[in-house]
Each structure stands twice: as structure tokens, then as C-alpha cells.
Amino acid sequence: MNLILLGPPGAGKGTQAKRLEDAYKIIQLSTGDMLRAEVSSGSELGAKAKEIMEAGGLAPDDVIIAMISGRIDHDDCVNGFILDGFPRTVPQAEALAEMLANKGMSIDHVVAIEVDPEAMVARITGRFTCSECGAGYHDDFQPTKVDGVCDTCGGTTFTRRADDNAETVRNRLSAYEEQTAPIIAFYRDKGALKTVDGMADIDVVTASLKEIID
């Protein structure tokens, strides 16, 4: 099973992808992680990406598609994969479909996690992470059980992303809406798009996703 999750920053794509990964034994693929791995490996593809990024550019679509193509050939993707936040544009979606078709594969489900933008501002600006183990928390929705102490490792130092402030979040949400409106329409026109209510409880969202998949 091959799945694409769409949704703005803070919609819960990462959380839901991890749950689906565990439930269906499929692999969540992050283009950012793949890009960093390629650069670190010193591969020809990684060297090309590194040169472009060091010049201040973004990795071009052909590099991203080539990375995904190579990654899904690994044995751990035999049951399928989840793409979280990719594709972002119609040309990327078309290139992805062509690459998969050449492998005799396709995307089985495209699901958009729909959320209220202002609620997302509150959701994102309240996030913080344990500096020691990376466990994620939220001021209101998922605080630590003991104030100032990580539930997972007992660490006492936490960090917040510098860009998790209200103004930046609103800008990111606006940019997402502008950039992804065409991709939403692209998959809807193909009859491939499903939606779930991302404002529901986390477990309810998971159940909705599983209902679509099953």
C-alpha cells in the first residue's frame, strides 16, 4: 500500500504517519531525511543536491524523484510507503506518478488532513521537544506528566522551534494554501482524494484514515 498524506504544518501528518507505519508495516518517507542521507553518503546524487543547496537553491524535482525511486527499492518498502508532505506541486505529482508507473506501481490513497487555520496557530505555537531524546509535547494538548520532566527519558531541558511563532505559522499556512490548492485539485479531479477531519481527536483521525485504507 502506497499512501500520500497532505495537510498544512501542524495538521498531524507526522503523528498519523507513524501510527499507520506501525499498523500496516509500511515505511514513512521524509524527503528531507532522504536528502540529508544522500548528502552524507557522498553519492553522486547527494553531491549534486549538496552543490545546489550550498548555492542557496532548492533540490530540483528530478533529484527528489530520483531519491524516492531509489529509496522505495529497499527491502523495507516491500509492503509500501507513506509520503508525508510530498508532492507539493502538480509537476511533482506528475513526475511521481510517471516514476511509479515505470516500476509497475501507483499511489493507492491520497488523503488530505483538513484543519482550521487559526486552531493550527495555537497547536503549533504550543509545541516543544525534549532536548535529550526528541519526545514531543504541547503546552495544552500534551504536557509532560511532571512539569519540566520528560516522560520518556527524564530529561529536564526542552526546546522550541524558532519558527513556531504565530506570525511565522500564519505565513506558513498561507503559503501552504497557495502552493497546494492545485495539488488538491489535481488528485480530486482524478478521483483519488479523500479527506479526514484533522481537528478531531488523534485516535478519531487514525480511525478515519484506517477506514479509508481498509
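The figures follow:
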| read-out | value |
| --- | --- |
| Any pair with Cβ under 7 angstrom, 6 or more apart, that starts in the stretch 190-214 at a residue that is in contact (Cβ under 8 Å) with a residue 60 or more places away in the chain and surrounded by 15 or more Cβ atoms within 10 Å (Cβ to Cβ) and ends at one that is β-branched (Val, Ile, Thr) and part of a helix (DSSP H, G or I) | LEU193/ILE184; LYS194/ILE212; VAL196/VAL205; GLY198/VAL205 |
| Any hit, the stretch 118-140, residues being in contact with a His (Cβ under 9 Å, 6 or more places away or on another chain), of a type in the set (D, E, K, R) and either under 25 Å from ALA23 (Cα atoms) or not in a helix (DSSP H, G or I) (or both) | yes |
| Residue in the stretch 160-167 that is in contact (Cβ under 8 Å) with a residue 40 or more places away in the chain, touching a strand residue (DSSP E or B) at 6+ places or on another chain (Cβ under 7 Å) and closer than 16 Å to GLY7 by Cα present | no |
| Condition met for ASP147 (modelled with pLDDT under 95 and of a type outside the set (Val, Ile, Thr)) | no |
| From the options ASP62, ASP33, ASP22, residue that is out of contact with any strand residue (DSSP E or B) (no Cβ under 9 Å at 6 or more places or on another chain), free of Cβ contacts under 8 Å to residues at least 60 places away in the same chain and under 16 Å from THR206 (Cβ atoms) | ASP22 |
| Qualifying positions in the stretch 40-67 - of a type outside the set (D, E, K, R), farther than 26 Å from GLU94 by Cβ and assigned to a helix (DSSP H, G or I) | SER40, SER41, ALA47 |
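The values are calculated or read from the model by the stated rules, or taken from the named source; none is laboratory data. Bear in mind that the values here come from a model prediction, so they are computed numbers and not experimental data. No Cβ is skipped: glycine too gets one built from the backbone with ideal geometry, and neighbour counts run over all protein chains shown.
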